[in-house]
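The values are calculated or read from the model by the stated rules, or taken from the named source; none is laboratory data. Not measured: the values here are computed from a predicted model. When we count neighbours, we look across all protein chains shown, and the Cβ atoms used for this are built from the backbone with ideal geometry, even at glycine.
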């Protein structure tokens, strides 16, 4: 893959001239960071005007001034995994779906500045009015999990299910952490979106559509295999044998027709790059080091980690659990590090440990930093709308169908 802000590396070829032979560099497709630009190589590699330097001491003052100048015209959303310097300027913090709903609840805001990742901004654009403009400070702030399920791969996978004679008994359910195109696919095929908080409700609804949990109907769960597996086994009572993993990079998904026919949960081979790092060894190590520790992890962790933990829940669940924790108690949290550090600072009466022994930020979420936020806010003040997120109308329609189905589930 070509790197943004790069220059062409030259191979050397011998050239003969009247004065002798010299080596002339020949162009190579490899680009090096810092020289030249290939805008087709990655989203979000160019900003109109220069980004402020990360070490500029006036950044906070500039952000505050631009925010004040915009007033109610702008609504700034900050995901829990953002760094503190960005959260400081958020009007609302939350998980991806909460933030998208908050944006839709502010129809008077001309600009929605989404400090999150690409799929979240897409959801905000789908749920907000046509008069509102959703802005992502860095278009390269993506999600590795969402990118593990491309729409052409999902459509090919559905063809595999059709050929196996199982598609008519399968309901697609996609996690909120997916592209608008995948949400639209789900809407077109009568499925729904889910969050980590309501995945069990969404799965029960989906199974009820194809004969219930005791029938032979199936769910195609995308794109996080771990959330699908953990929910099906721990909350719905299915077994690991009821689950198969569909790998879009292998012919037929890497599973046989009979496996597809026998399965209840067809899990997409995707995962969260942050939560997938935690291991059962991490759990064992923290228990050995900290007596009476409570291990609390996100359901995007592997099944081995989830079964070894004491408590499992969504980001909002984790926050509420620590809010309600008795003073003096010890906790080991398995989720993104920015959030864990913030929770530790907010709860000095608790002992809060990070579950992994190594640092584990969400690298793509952290592309939204204070220089990008300042550049975005100042651009809006100057009358430019940078990095606007616009979802194709047909895609937005069918994605909205799937999102509305989620909102119609019990508990919403």
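Things worth noting here:
- Checked against (1) surrounded by fewer than 23 Cβ atoms within 10 Å (Cβ to Cβ); (2) in contact (Cβ under 8 Å) with a residue 24 or more places away in the chain, residue 190 passes all but a single condition, namely (2).
- Options 406, 311: the member that is under 19 Å from residue 199 (Cβ atoms) and not assigned by TED's automatic domain parsing to the domain that holds residue 284: 406
- Filtered residues of segment 352-363 (kept if crowded, with 17+ Cβ neighbours inside 10 Å and without any contact (Cβ under 8 Å) to a residue 40 or more places away in the chain): 352, 354
- Screening residue 232 against (1) in contact (Cβ under 8 Å) with a residue 40 or more places away in the chain; (2) crowded, with 20+ Cβ neighbours inside 10 Å leaves a single unmet condition, (1).
- Of the residues contained in segment 131-139, one or more are found to be surrounded by fewer than 17 Cβ atoms within 10 Å (Cβ to Cβ), assigned to a loop (DSSP other than H, G, I, E, B) and over 18 Å from the mean Cα position of the chain (by Cα).
- Test result for residue 374, buried (at least 16 other Cβ atoms within 10 Å of the Cβ), farther than 18 Å from residue 85 by Cα and at pLDDT 95 or above: no
- The residues of segment 93-111 that are part of a strand (DSSP E or B) and either in contact (Cβ under 8 Å) with a residue 24 or more places away in the chain or under 18 Å from residue 70 (Cβ atoms) (or both), listed by number, are 94, 111.
- Being crowded, with 24+ Cβ neighbours inside 10 Å, more than 23 Å from residue 277 (Cβ to Cβ) and either assigned by TED's automatic domain parsing to the domain that holds residue 379 or in contact with a helix residue (DSSP H, G or I) (Cβ under 7 Å, 6 or more places away or on another chain) (or both) is not true of residue 102.
- Residue match in segment 112-126 (condition: without any contact (Cβ under 8 Å) to a residue 60 or more places away in the chain and more than 30 Å from residue 276 (Cα to Cα)): yes
- Matching residues, segment 326-351, being more than 30 Å from residue 62 (Cα to Cα) and either touching a residue at least 60 places away in the same chain (Cβ under 8 Å) or not assigned by TED's automatic domain parsing to the domain that holds residue 305 (or both): 335, 351
- The listed residue being over 27 Å from residue 316 (Cα atoms), at pLDDT 95 or above, surrounded by fewer than 24 Cβ atoms within 10 Å (Cβ to Cβ) and touching a helix residue (DSSP H, G or I) at 6+ places or on another chain (Cβ under 8 Å), out of 260, 267: 260
- Residues located in segment 322-340, provided they are modelled with pLDDT of 95 or more and outside any strand (DSSP E or B): 322, 323, 324, 325, 326, 327, 328, 329
- Checking each residue of segment 163-181 against the condition of being assigned by TED's automatic domain parsing to the domain that holds residue 210, within 15 Å of the chain's Cα centre (by Cα), farther than 20 Å from residue 225 by Cβ and buried (at least 24 other Cβ atoms within 10 Å of the Cβ) gives at least one match.
- Within segment 283-293, the set of residues being surrounded by 19 or more Cβ atoms within 10 Å (Cβ to Cβ) and out of contact with any helix residue (DSSP H, G or I) (no Cβ under 7 Å at 6 or more places or on another chain) comprises 286 only.
- Filtered residue count, segment 390-403, keeping only those that are crowded, with 17+ Cβ neighbours inside 10 Å and either in the same structural domain as residue 287 (by TED's automatic domain parsing) or out of contact with any strand residue (DSSP E or B) (no Cβ under 6 Å at 6 or more places or on another chain) (or both): 7
- Subset of segment 140-155 (residues that are assigned to a helix (DSSP H, G or I) and more than 17 Å from residue 395 (Cβ to Cβ)): 148
- Residue list for segment 305-321, restricted to those being over 15 Å from residue 275 (Cα atoms), assigned to a helix (DSSP H, G or I) and over 19 Å from the mean Cα position of the chain (by Cα): 320, 321
- Out of 121, 90, sole residue that is within 21 Å of residue 386 (Cα to Cα) and part of a helix (DSSP H, G or I): 121
- Single unsatisfied condition, residue 260 versus (1) over 24 Å from the mean Cα position of the chain (by Cα); (2) within 17 Å of residue 409 (Cα to Cα): (2)
- Within segment 364-391, tally of residues that are over 25 Å from residue 54 (Cα atoms) and free of Cβ contacts under 8 Å to residues at least 60 places away in the same chain: 0
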